[in-house]
Amino acid sequence: MAGGDGSLAPVAEVALERDGAFVCIPFGTRNHFARDLGLDREDPIGALRAFDTGSERRIDVGRADGRLFLNNVSLGVYARLVHRREAQRRRREAFARIRAWAILLTHRQPLGITIDGDEVETRLVLVANNAYGLDLPSLGERERLDEGKLHLYSLGADPPERSGERFVVDAAAGRLEAAIDGEPDVLETPVEFWVEPGALRVLVPQR
């Protein structure tokens with residue numbers, strides 16, 4: 001798949017269903033998955049070598065009520081930002097960015113959710129396929145894609161991070177705005193998240 005983070009999961013789903021090997025060609029805006037896979041995000045042509053002399057890895061995939069994700073699912077204020085950005089994409093870009101950040105900074109209302117039955121006061125939940133680095137200089141990067149665990153981060157909650165193979169997130173509203181690998185969606189609650197360890201075959205260029 002030649003594209004960005006939001007384009008990868010549907011193709012990875014087909015590769016998984018047919019037990020085919022998946023190749024990621026970084027051709028999007030941020031290419032977070034390609035970075036965490038160890039690819040040079042500035043060299044999409046070099047990534048094509050995976051088809052010829054690539055070595056195979058097995059990596060985990062996450063599921064949100066069955067929908068596959070490779071990076072993460074965000075709920076709350078960041079997901080709201082993504083939804084507003086998508087709605088305003090055809091407007092002037094500068095205005096859309098300013099309005100999106102204004103929403104992010106001023107939206108103070110907690111989500112009113114439970115995580116595995118525990119009430120949590122938070123404005124942002126992120127369920128990640130494997131652990132994200134929380135310290136500089138590796139902030140927002142993943143060292144591994146084969147840990148076999150999900151990591152749930154909840155801003156301002158106690159504890160702020162949980163890890164496990166499965167989580168259930170519920171909300172009184174019955175639905176939550178979400179960003180799945182950066183793409184806007186709406187999830188009906190309760191939402192069950194789980195990990196499928198080593199499910200996806202991936203070819204990467206030999207170094």
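The values are calculated or read from the model by the stated rules, or taken from the named source; none is laboratory data. Not measured: the values here are computed from a predicted model. Please note: Cβ atoms are built from the backbone with ideal geometry, for glycine as well, and neighbour counts cover all protein chains shown.
Odds and ends about this structure:
- Filtered residue count, the range 14-27, keeping only those that are farther than 20 Å from residue 46 by Cβ and surrounded by 15 or more Cβ atoms within 10 Å (Cβ to Cβ): 2
- Restricting attention to the range 161-180, the residues that are more than 13 Å from residue 65 (Cβ to Cβ) and either of a type in the set (A, V, I, L, M, F, W, C) or assigned to a strand (DSSP E or B) (or both) add up to 9.
Okay, residues lined up against (1) without any contact (Cβ under 8 Å) to a residue 60 or more places away in the chain; (2) crowded, with 17+ Cβ neighbours inside 10 Å:
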site: 161; (1), (2): yes, no
site: 166; (1), (2): yes, no
site: 169; (1), (2): no, yes
site: 177; (1), (2): no, yes
site: 180; (1), (2): no, yes
site: 206; (1), (2): no, no
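- Scanning the range 138-154 for residues that are over 15 Å from residue 194 (Cβ atoms) and either without any contact (Cβ under 8 Å) to a residue 12 or more places away in the chain or buried (at least 17 other Cβ atoms within 10 Å of the Cβ) (or both) gives 138, 139, 142, 145, 153, 154.
- Against the test of being at pLDDT 60 or above, closer than 25 Å to residue 67 by Cβ and in a loop (DSSP other than H, G, I, E, B), the options 145, 139 yield a single qualifying residue, 145.
- The test for being under 26 Å from residue 17 (Cα atoms) and in contact with a helix residue (DSSP H, G or I) (Cβ under 7 Å, 6 or more places away or on another chain) does not hold for residue 165.
- Checked against (1) at pLDDT below 95; (2) assigned to a strand (DSSP E or B); (3) touching a helix residue (DSSP H, G or I) at 6+ places or on another chain (Cβ under 6 Å); (4) within 28 Å of residue 15 (Cβ to Cβ), residue 206 meets all criteria but (2).
Per-residue answers, yes or no, for (1) at pLDDT below 95; (2) surrounded by 18 or more Cβ atoms within 10 Å (Cβ to Cβ); (3) in a helix (DSSP H, G or I); (4) out of contact with any Gly (no Cβ under 6 Å at 6 or more places or on another chain):
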| site | (1), (2), (3), (4) |
| --- | --- |
| 12 | no, yes, yes, yes |
| 29 | yes, no, no, no |
| 34 | no, yes, yes, yes |
| 57 | no, no, no, yes |
| 61 | no, yes, no, yes |
| 75 | yes, yes, no, yes |
| 78 | yes, yes, yes, yes |
| 81 | yes, yes, yes, yes |
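- Subset of the range 14-50 (residues that are within 14 Å of residue 204 (Cβ to Cβ) and β-branched (Val, Ile, Thr)): 23, 25
- Residue match in the range 122-131 (condition: assigned by TED's automatic domain parsing to the domain that holds residue 173, under 12 Å from the mean Cα position of the chain (by Cα) and either of a type in the set (Asp, Glu) or at pLDDT below 60 (or both)): no
- When residues of the range 190-201 are limited to those that are over 13 Å from residue 129 (Cβ atoms) and touching a residue at least 40 places away in the same chain (Cβ under 8 Å), the one surrounded by the most Cβ atoms within 10 Å (Cβ to Cβ): 191
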